[in-house]
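Student: Below you'll find the structure I mean.
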Amino acid sequence: MNENPPILSLGDASELAALIRDKVDPALMGLSAGKLTEYLNHVGSSQPRTPGPDAGRLQRWQDDIIESTVPQGCSILDLGCGHGDLLVRLMDRKQVRGQGIELDPDAVIQCVRQGVPVVQADLDEGLKDFADESFDYAVLEQTLQTVRRPIALLQEMLRVARRGIVSFPNFAYWRVRLDLGLRGRMPITERLPYRWYDTPNIHSFTLQDFEDWTRTCGVRILSGHVLAEGQVRELRASDNLYAEEVLVFVERE
Amino acid sequence: MATTRPDVDPPDSPCSVGWTVPQTIRLATREDPFPLEVGGSIGPVDVEYETYGELNKARDNVILVTHALSGDAHVAGWDKTAEATGRLWRARKPGWWDTMVGPGKPLDTGRYFVVCANFLGSCYGTTGPSSPNPSTGKPYGLSFPVVTVEDWVRQQARLLDALGVARIRAVIGGSLGGQQAIEWALAYPERLDKCIVLAASPRLSTQGLAFNAVGRQTIMSDPNFNGGCYYDGPAPADGLAAARMLAHITYLSEPGMHDKFGRRLQDREQPAFSFGIEFAVESYLDHQGKAFVERFDANSYLYITRAMDYYDAAAQWGGGDLVEACRRVQSDVMVVSFSSDWLYPPAHCREFATALCQLGKPVTYVDVPSRYGHDAFLVEYDVVGSLVRSFVNNERRSS
């Protein structure tokens, strides 16, 4: 078998540098040597990095923001509500009218145990059970990337609710990029701990992809937060590289 | 979900309600009869009911259980009067939902006052076709009026009135009992906090209507049926047994029957090449049919299956539109279906939940994975018990 010629050769570095300046995401060029070194030192271990000390607190960082953002007594439909933890919190602390949708029967039973109204249903079959604008908010927390038809679900979400709350892992996060780009491996990170064959994330996308979609579909991003380098903060322009996870509030224009 | 049946709780078990005595109340008289949904009225109406636990001072700890086609008011515990009343089968086993009702059980009698009444037209102590017609002194037979699910729910409401109960914490029922629970949420929305519907839909499917038609036909074509006037002679036992055999098939599922019986022969290694009982499944159905005849009245079977056929929540309360009907609902609702149920299939059970969703009313719908078919609502008591306990005990009103 013939060896393929190398695709990336650092021999003609100046030509390469010019090309990178032209073609590559400018944000990537700002990646610090420290970060790269940390990443490269980790390369070779096939295990996900061990969770940092803040992992527990950050596990549901989105819930804190949702709780502080939604008004008292509003109505919320949680799409893929899991065990109902978010709705319990919002029903108890903000007296919201909550309704969950969940496919997994065991999770549904947990919802009932927590006193959360939940309908066992498949989001891939749409939200035809629900009338137009019947909720103030619909939530898609870490769910969009797991469904078969994400765009259809986003559209359904903004049909049944006046506003959408969407959180998702950003597959343009720099560690994820380097895993695939430099190592040629499907990324495994602290917050994306799955291997390619057991991941529920069947539609990987990036913050930039999502922003593109909002522009083409007449959807406005009202506010955004990210988890970046262990910190939760407001969304910034360069976050397609730095955000590990994203939370945005959206509405139709 | 796999479940193993525990040994029944004996009457002296701390988990059993113990010995029970059925009670009877006259809810209507000949002079002041009970009005019926399809017109006319009936009187007197005597109702047999049972209660478990204590009614608290605030009278707000009441759970109404609504029974299914062949059920009775004897939900839990051991009938002290089984011998005296000739209900010998009750001496062998506790009430039909003893797994659900008792001290510490999902419907905890240490906390709740649980009530169940035998419905009009049945044959377990409440006025039915085998009761004497006051104008002739003989059993009603087919002169008994047609009764409906709506009548039963009104009858239960009257019983609660008589017991001094204005509002109930929950109504719960499975199958035809679940249809009564639906009717409760629509007919008396202001009288209940929670409604639990197990393996039941707002109306019976076409296939369900067909099964009931065959069941009634086997009864009415029994040579002993005699237009329903058989109380002086032999009962249409073969017809009733065949109806029960057919019904039992609808209570199981294809995979469930396969698991339980396969193609095993009954008590033999080789087929006998006869028309006797060859296969284990035949033996099971034969036994179910014969046991049923000992405890059920054929005319009651006709009336009750008809009530099941006629019930249509959408027609009754929404001019045919279930969403319109559900505007009335004020209670928290939980609908539970079972994946292999083909008598009340999940998609049909879900319709009630969907209508409530359409109105933005909070609702819980669970489709329990099970191979036990329609019977799952009784057999899957671990998961059903867990759901019911959580839902009934939950203090957070979601609406």
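The values are calculated or read from the model by the stated rules, or taken from the named source; none is laboratory data. Worth saying up front: this structure is predicted, and the values here are computed from it rather than measured. All Cβ positions, even for glycine, are placed from backbone atoms using ideal geometry, and neighbour counts span all protein chains on display.
Student: Would you check which residues across segment A:83-118 are over 17 Å from B:SER390 (Cα atoms) and in a loop (DSSP other than H, G, I, E, B) and list them?
Tutor: Result: A:GLN95, A:VAL96, A:LEU103, A:ASP104.
Student: With the requirement that a residue be within 13 Å of another protein chain (Cβ to nearest Cβ), in contact with an Asp or Glu (Cβ under 9 Å, 6 or more places away or on another chain) and in a loop (DSSP other than H, G, I, E, B), what does segment A:119-161 give you?
Tutor: Listed by number, the residues that qualify are A:ALA121, A:GLY126, A:LEU127, A:LYS128, A:PHE130.
Student: Here is a follow-up. One residue is enough: does segment B:38-52 have a residue meeting the conditions under 27 Å from B:LEU302 (Cβ atoms), of a type in the set (Gly, Ala, Ser), at pLDDT 95 or above and not in a loop (DSSP other than H, G, I, E, B)?
Tutor: Within segment B:38-52 (the criterion being under 27 Å from B:LEU302 (Cβ atoms), of a type in the set (Gly, Ala, Ser), at pLDDT 95 or above and not in a loop (DSSP other than H, G, I, E, B)), the answer is yes, since at least one residue qualifies.
Student: A follow-up question, please. Go through segment B:274-289 and give me each residue that's part of a helix (DSSP H, G or I) and without any contact (Cβ under 8 Å) to a residue 12 or more places away in the chain.
Tutor: B:HIS287
Student: Of the residues A:PRO150, A:PRO71, which is touching a residue at least 12 places away in the same chain (Cβ under 8 Å) and more than 25 Å from A:LEU192 (Cβ to Cβ)?
Tutor: Criteria check complete, one pass: A:PRO71.
Student: Which residue, of A:VAL226, A:VAL250, A:VAL246, A:VAL219, is within 21 Å of A:LEU28 (Cα to Cα), of a type in the set (Val, Ile, Thr) and either surrounded by fewer than 16 Cβ atoms within 10 Å (Cβ to Cβ) or touching a residue at least 60 places away in the same chain (Cβ under 8 Å) (or both)?
Tutor: Sole residue among the options that is within 21 Å of A:LEU28 (Cα to Cα), of a type in the set (Val, Ile, Thr) and either surrounded by fewer than 16 Cβ atoms within 10 Å (Cβ to Cβ) or touching a residue at least 60 places away in the same chain (Cβ under 8 Å) (or both): A:VAL246.
Student: So, in segment B:290-337, how many residues would count as being of a type outside the set (Gly, Ala, Ser), within 14 Å of chain A (Cβ to nearest Cβ), in contact (Cβ under 8 Å) with a residue 60 or more places away in the chain and outside any loop (DSSP other than H, G, I, E, B)?
Tutor: Adding up the residues that qualify gives 7.
Student: Let me ask something additional. So if I check each of A:GLU234, A:GLU253, which one is farther than 20 Å from A:ARG149 by Cβ and at pLDDT 95 or above?
Tutor: After ruling out the rest, the residue left standing is A:GLU234.
Student: Does segment A:193-201 contain at least one residue that is touching a residue at least 12 places away in the same chain (Cβ under 8 Å) and among the hydrophobic types (A, V, I, L, M, F, W, C)?
Tutor: Scanning segment A:193-201 turns up no residue that is touching a residue at least 12 places away in the same chain (Cβ under 8 Å) and among the hydrophobic types (A, V, I, L, M, F, W, C).
Student: Hey, does segment A:54-73 have a residue that's modelled with pLDDT under 75, outside any helix (DSSP H, G or I) and surrounded by 14 or more Cβ atoms within 10 Å (Cβ to Cβ)?
Tutor: no
Student: Hey, can you tell me all the residues within segment A:229-243 that are free of Cβ contacts under 8 Å to residues at least 60 places away in the same chain and surrounded by fewer than 16 Cβ atoms within 10 Å (Cβ to Cβ)?
Tutor: If the condition is that a residue be free of Cβ contacts under 8 Å to residues at least 60 places away in the same chain and surrounded by fewer than 16 Cβ atoms within 10 Å (Cβ to Cβ), then A:GLU229, A:GLN231, A:ARG233, A:GLU234, A:ARG236, A:ALA237 are the ones that fit.
Student: Could I ask something else about it? Regarding segment B:4-27, can at least one residue be identified that is in a strand (DSSP E or B) and aliphatic (A, V, I, L, M)?
Tutor: yes
Student: Filter segment A:162-189 down to residues that are outside any strand (DSSP E or B) and among the hydroxyl-bearing types (Ser, Thr, Tyr) and give me whichever is farthest from A:GLY224 (Cα to Cα).
Tutor: Looking at residues that are outside any strand (DSSP E or B) and among the hydroxyl-bearing types (Ser, Thr, Tyr), I get A:THR189.
Student: Check B:PHE352 against each of (1) under 20 Å from B:GLU150 (Cβ atoms); (2) within 13 Å of chain A (Cβ to nearest Cβ); (3) free of Cβ contacts under 8 Å to residues at least 12 places away in the same chain and name the one condition it does not meet.
Tutor: Exception for B:PHE352: condition (3).
Student: Would you confirm whether any residue within segment B:391-399 is closer than 22 Å to B:ASP7 by Cβ and more than 10 Å from every other protein chain (Cβ to nearest Cβ)?
Tutor: Looking through segment B:391-399, none of the residues is closer than 22 Å to B:ASP7 by Cβ and more than 10 Å from every other protein chain (Cβ to nearest Cβ).
Student: Contact list please: Cβ distance under 7 Å, first residue in segment A:28-45 and more than 17 Å from A:SER238 (Cα to Cα), second residue at pLDDT below 75 and in a loop (DSSP other than H, G, I, E, B), pairs at least six apart or on different chains.
Tutor: Matching pairs, first to second residue: A:HIS42/A:ARG49.
Student: For the condition more than 18 Å from A:LEU86 (Cβ to Cβ) and either over 18 Å from the mean Cα position of the chain (by Cα) or not β-branched (Val, Ile, Thr) (or both), what is the one hit in A:ARG163, A:ARG177, A:ARG191?
Tutor: None of the other options fit; the residue is A:ARG177.
Student: Output the residues belonging to segment B:355-384 that are part of a helix (DSSP H, G or I), within 11 Å of chain A (Cβ to nearest Cβ) and surrounded by fewer than 21 Cβ atoms within 10 Å (Cβ to Cβ).
Tutor: Passing the criteria: B:GLN358, B:ASP382, B:VAL383.
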